[in-house]
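The values are calculated or read from the model by the stated rules, or taken from the named source; none is laboratory data. Predicted model only: the values in this text are computed from it and were never measured. When we count neighbours, we look across all protein chains shown, and the Cβ atoms used for this are built from the backbone with ideal geometry, even at glycine.
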Amino acid sequence: MRPPAQIVNWLSLDKMFRWLQTAPDEASHKRRMAIWLTHTGKLHANKVAQALGVSTQAVWLWIRQYNRQGPDGLERKGRGGRRWGFMTPEQETRLLRPLIQKARAGHPPKPSAIRRIIEDELQTPVSMSYVYRLLQRHNWAGIIAQSQHAGPKPKDSETFAALANPWRRDA
């Protein structure tokens, strides 16, 4: 039978134990425990995987990452997020603030006008889908809904008279 994986001595046993105890979440604790069990218990990857309830491939991946990069190799950066945004959320908020105030006053700008403002700010063309996603990120639908409720409402009797008898309307 092949011997268990070898762990590079990035940390002493005491530091590795403290590193194991200070895991910020359960997933980090499992990754660190896999390294600990492989290093101190001399367990094979399949035994470590069974003990932790993960796949053997995951254990081998964690061992390889730890051996190549040390303890920092097991830290996750996250998979989601906006990596390619034209502006930071703060810049977007600053750019939209005057438009939001106008919209709440009952005069929402058209998306094409917002697109021109964004292109002037960025000095590069942007697609309309970028504009719509930006407006969605800043709850633009809620702002437009607020602006529609802020304006003067027609009296109920006028609305009823206009809709009740369509054959009597002056077209």
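Test Arg137 against the criterion of being in the same structural domain as Asn46 (by TED's automatic domain parsing) and surrounded by 12 or more Cβ atoms within 10 Å (Cβ to Cβ), and give yes or no. In short, no. Pairing residues of the range 84-103 that are in contact (Cβ under 8 Å) with a residue 12 or more places away in the chain and over 14 Å from Tyr130 (Cβ atoms) with residues that are among the hydroxyl-bearing types (Ser, Thr, Tyr) and surrounded by 12 or more Cβ atoms within 10 Å (Cβ to Cβ), at Cβ distances under 6 Å and at least 6 apart in sequence or on separate chains, gives Ala103/Ser147. Scanning the range 98-131 for residues that are among the hydroxyl-bearing types (Ser, Thr, Tyr) and within 13 Å of Phe86 (Cβ to Cβ) yields Thr124, Ser127, Ser129, Tyr130.
When the range 132-156 is limited to residues that are more than 22 Å from Met87 (Cβ to Cβ), of a type outside the set (S, T, N, Q) and in a helix (DSSP H, G or I), the one that is modelled with the lowest pLDDT turns out to be Ala150. Tell me, which residue of the range 16-60 that is more than 15 Å from Gly73 (Cβ to Cβ) and of a type in the set (Val, Ile, Thr) is surrounded by the most Cβ atoms within 10 Å (Cβ to Cβ)? Result: Val48.
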